[in-house]
1. In debye, nearest 20, what is the charge dipole magnitude of the chain about its Cα centre with +1 on Lys and Arg Cβ and -1 on Asp and Glu Cβ, if you could check?
2. So in segment 12-335, what percent of DSSP beta bridges are antiparallel if you round to the nearest 5?
3. Give the lysines reachable from Lys309 as a straight Cα distance under 16 Å; neighbours fewer than 8 places away on the same chain don't count.
4. Full extension from Ala256 to Thr312: what is 0.36 nm times the residue separation minus their Cα-Cα distance, to one decimal in nm?
5. What FRET efficiency do you get for Asn279 and Glu325 if R0 is 35 Å and r is their Cβ-Cβ distance, rounded to the nearest 0.05?
6. Tell me, in nm to one decimal, what length is gained between Thr23 and Lys196 on full extension, where the rule is 0.36 nm per residue of separation less the Cα-Cα distance?
7. Number of Lys-Lys pairs in segment 6-76 under 25 Å by Cα, sequence gap 8 or more or different chains?
8. What aspartates and glutamates does Lys196 reach when the alpha-carbon gap must be under 19 Å and sequence neighbours fewer than 8 apart in one chain are set aside?
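Computed from the coordinates by the stated procedures, all read-outs in this text should not be read as laboratory data. What you see is a predicted model, and the numbers here were worked out from it, not measured in a lab. Quick reminder, even Gly has a Cβ in these numbers, built from the backbone with ideal geometry, and neighbours come from all protein chains shown.
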Amino acid sequence: MDLPPNNNLEKFTQTAFYKSYKTEFASSWNRFQKPNLDKMKSWWNEKIAKNFDKNISYPFSGPDIMNVLTFFPDGDSYILFGLEPVGTIPNPFNKTDAELTNGLNALRKSLNTIFQVNFFKTVNMAEEIKNNPFNGISALLMAFLAKCDYTVIDAKNVAIDKQSNLTAWEASDAKINWQNPPTSQRIPGVEITFKKGDGKTQTVRYFNLNVIDDNLSKRNPNFIPYFLKITPCATMLKSASYLMHNDNIKFTKIRAAVLESSDFIIQDDSGVPLRYLKNEWEVSLHGFYDKPIPMFSNRAQADLKEAYKASTGILPFSYGYDYKEGKSNLLTAKKVKK
């Protein structure tokens, strides 16, 4: 992106590396990501036309703020969480040219997958965001916000304390990861405030934890009470690894929390199984569904395939694991008030 002459980083943007980097980044963004987001926005405005201006949740999101903002641009706050560590909030103003070059190259590497298929691969992300502040979750969130024409106002590390309250970051939080959660039960996170043009100030918070049932029972029982504080909310699920498909084990607590807190859900078939959305929910089906991709072949839903005979039509954009043209599926569900 261009910088004004009085910006301390403007000189670096005139280097041959940065000019080449800028061209390559724009090309990658414009080849798939931007057109796909534009198609998503147009479809949403035509078919759904709902405005959600309060709380939005996006479980198993990684740093994917851009897709949730496409469907829900007017939220007051967004809560995201995943296995990827929060990372360091980058400060480019204290970096040498060599460090800036290394950082931007690391950022580019982390974006390779989502620029091609519109989802992150958790295994790849865990390896790619280890060692550089420019490609951690915090940096990726800010990069996506900037690329979607938002201005980042502030960014700071935060945590959820034992009493399920949002609290200030402590130095020891930097050592916490989902594989070795502390006895203090603190959950590390980052809070970013942003706005678009003269619009309202919005907030996204990302937390690093494992929401498998055993962890939520033994190590982080403070997360679900915090999560439920955002009720009611709209929830988005995409490329969620079919984690909530087990009926009695593993991810039942987060599934129950999603169903309790949400008054509107938008998801692909990897989110909440259709069988959990048949009583209190008004469901609409969009796109095409036959079966999951081979990696998740054991997660086929016969009832969903039958229900898709009433699809509203093929989606003009990519969403979820089956990203090829005309193959994506999308379910919208509105909670029926009793």
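1. Details: 43 positive and 35 negative charges, 77 e Å.
Taking the Cα centre of the chain as origin, the dipole is about 380 debye.
2. Values: 29 of 46 bridges.
Once the DSSP bridges in segment 12-335 are tallied, antiparallel ones form about 65 percent.
3. Answer for Lys309, where 16 Å is the Cα cut-off: Lys291, Lys327, listed by chain and number.
4. Values: separation 56, 0.36 × 56 = 20.16 nm, distance 2.79 nm.
Taking 0.36 nm per residue and subtracting the Cα distance, the gain is 17.4 nm.
5. 0.50
6. 59.9 nm
7. So the count of such lysine pairs works out to 12.
8. Partners found: Asp2, Asp38, Asp53, Asp64, Asp74, Asp76, Asp149, Asp154.
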